[in-house]
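Each remark here refers to the structure printed beneath this line.
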Amino acid sequence: MNEQKNALISVYNKDGIVEFASGLIYLGWKIFSSGGTAKKLVESGIEVTDIATIVGGNAILGHRVVTISRELHAGLLANKLSESDMHELQDLALNCFDLVCVDCYPLKEEAKNPNSTLDSVIEKTDIGGPLMIRSGAKGNRITICDSRDRMVVLKWLQTDCPDEEDFINALAAKAEAYVADYVMTSAMYRGGGKYYGFVGEKICDLRYGENPWQKSYGLFKTFGGGDDPLSLCNFQVIAGQFGHVNWLDLDRMLQTMTHIIAGYHKNNLWKNMHQLNPGQSPYVAIGAKHGNPCGASISSTPERALMDMLDGNLTSIFGGAIMTNFVITQDLAEIIRNYNSEKTKRILDVVVAPGIDEEAKQLLRRKNDSCKMAINPALLDLDIDCLDKEPIFRKVRGGNLVQQNYDLILDLDADYISKYGITKMPYGQDLVNLVLAWAVCATSNSNTIVLVKNKMLIGAGVGQMDRLECCDLAVRRAQNAGHDILGSVACSDSFFPFSDGPAKLIDAGVEAIFTTSGSVKDQDTIDLCSERNVPLLMIPNTIGRMFYGH
């Protein structure tokens, strides 16, 4: 029974659909379709049976009702292994479908459109498509909802359908996820903020979670995502096996890297960078430990960027993570391994760059591939629009907190920034230092104070319980690393509740401070900086507070 194989094809994305249908015809399949898909196939010389002929009439209600019929869904839901089901279809003169190739109207695109309305979103909300996809999945049919899978399925059919049960089940699972994601889009838009969620698609398995005794469920991307070139799914692991903490470090360094580049372009800092042309990005190197930058530098040469980043804190970077926006060559790998490392070759846990030469890879490699390496060419092309704009989820017991991402870009020319004694601050390098300090501070765990000098991070007091301790720790770290603090700039991720913190920074040699305003004691800080002849920039706490991962 049912020797003839029938395919139901109704797609919005018609790229390659003619080739797919032609391949099925060559294998002896019969094609059923409707609307625009049927028209395109017929115009290409493919014989098509219109779905309207099997559902008791033509499309109605402006083509909104075509495939919602028992005649069609019976052919999708009937159990092909059940003789009674097959006889019933035969008695009713209904077709049994073996393959469903269906996608939906572009609801996500319409929901993201700033000019969308409830009516326009409803108009783009597909009903027949999700119904056919779910019927196909439940009926254990070959169900295709992703245009990228069409030729995969065709090749599978051409090779006698190996591992058939697993193959069809994987397609069905993807189809269910596709519909869930589609419906979630509608719920979020129509709910006006009451509902929020995402469907995840696993990128890779991980051995364990944050700690070895915690089970990992894997790294997931947003279903259907990956268009963002900086999405973690677009980083290619070329050495070792990234674990939970390694991926977190990569993501944290990516936040710092993109903030540095976005701030650089926003403030036209190429004017203050030697050898760089208008619009050209600088060379940036970041070193991180436990997610926070322990070294960061911005330079007009990759060699200098690496050396300054390492010099930031030669102790902390040992066993840490590095990210650059330039390809790591053999010569640069030599710097990473040996620069200012007299006793032993420097070892690292993670190295991420746009590319890593084979010779560099061998130099950086550790026993058992303990140095994990990943590349992404998109790191070469960062610009002012490189920040992550997607909302952030944070697990709390019984649910999640959801917030806007860290997508503020510092604009030193903004009229809401108060500038005290700024005429005394030499422009040029100090502006570069201020933006670098802001980018590092804004992507380090609050509470934070950072010190920057000569376009490199020299000290950071991160995650402390009071701001005075942050200042003290930043100063001590800089001093312990052998840096001369005189002439440095400081950045605070929130306002100073008292002037004791700024006083400690100024006493240590800080010559400019960037902070937020909002404390009842702001005037004390302003007066102190004025008395000590230290330029002070203040951005309102409600606009520019830099709490990160609080």
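Numbers below:
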item: Positions within the range 404-413 being modelled with pLDDT under 95 and exposed (fewer than 12 other Cβ atoms within 10 Å of the Cβ), in sequence order; result: ASP413
item: Any hit, the range 124-132, residues being over 26 Å from ILE168 (Cα atoms) and under 30 Å from the mean Cα position of the chain (by Cα); result: yes
item: From the options ALA374, ALA460, residue that is modelled with pLDDT of 95 or more, part of a strand (DSSP E or B) and assigned by TED's automatic domain parsing to the domain that holds ILE260; result: ALA374
item: Subset of the range 328-362 (residues that are at pLDDT below 95 and buried (at least 18 other Cβ atoms within 10 Å of the Cβ)); result: ARG346
item: Selection within the range 84-104 - in contact with a helix residue (DSSP H, G or I) (Cβ under 7 Å, 6 or more places away or on another chain) and either part of a loop (DSSP other than H, G, I, E, B) or outside the structural domain of ILE25 (by TED's automatic domain parsing) (or both); result: LEU94, ASN95, CYS96, PHE97, ASP103, CYS104
item: Residues (of a type in the set (S, T, N, Q) and assigned to a strand (DSSP E or B)) located in the range 270-306; result: ASN292, SER297, SER299
item: Total residues in the range 221-232, condition modelled with pLDDT of 95 or more and in contact with a strand residue (DSSP E or B) (Cβ under 8 Å, 6 or more places away or on another chain); result: 2
item: Of all residues in the range 175-217 being more than 20 Å from the chain's Cα centre (by Cα) and of a type in the set (S, T, N, Q), the one that is nearest to LEU401 (Cα to Cα); result: SER186
item: Hey, ILE238 of a type in the set (Val, Ile, Thr), outside any helix (DSSP H, G or I) and in contact (Cβ under 8 Å) with a residue 60 or more places away in the chain or not; result: yes
item: Residue that is part of a helix (DSSP H, G or I), buried (at least 18 other Cβ atoms within 10 Å of the Cβ), at pLDDT below 95 and not assigned by TED's automatic domain parsing to the domain that holds LEU250, where the choices are VAL440, VAL432, VAL475; result: VAL432
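Conditions tested, residue by residue: (1) surrounded by 15 or more Cβ atoms within 10 Å (Cβ to Cβ); (2) modelled with pLDDT under 95; (3) assigned to a helix (DSSP H, G or I).
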residue	(1), (2), (3)
GLU109	no, yes, yes
GLY129	yes, yes, yes
ILE133	yes, no, yes
GLY136	yes, no, yes
ASN140	yes, no, no
VAL152	no, no, yes
LYS155	no, no, yes
ALA172	yes, no, yes
TYR182	yes, no, yes
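Every residue, every condition in (1) in a loop (DSSP other than H, G, I, E, B); (2) in contact with a Leu (Cβ under 9 Å, 6 or more places away or on another chain); (3) not assigned by TED's automatic domain parsing to the domain that holds ASP415, yes or no:
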| residue | (1), (2), (3) |
| --- | --- |
| CYS491 | no, yes, no |
| PHE495 | yes, no, no |
| PHE498 | yes, yes, no |
| GLN523 | no, no, no |
| HIS550 | yes, no, yes |
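So that you can scan it fast, the table gives a plain yes or no per residue for (1) within 40 Å of the chain's Cα centre (by Cα); (2) over 18 Å from LEU157 (Cβ atoms):
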| site | (1), (2) |
| --- | --- |
| GLU3 | no, no |
| ASP15 | yes, yes |
| SER22 | yes, no |
| SER34 | yes, yes |
| LYS40 | yes, yes |
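The values are calculated or read from the model by the stated rules, or taken from the named source; none is laboratory data. Keep in mind that this is a model prediction, so the values were computed, not measured. FYI the Cβ positions are ideal-geometry reconstructions off the backbone, even for glycines, and counts take in every protein chain you see.
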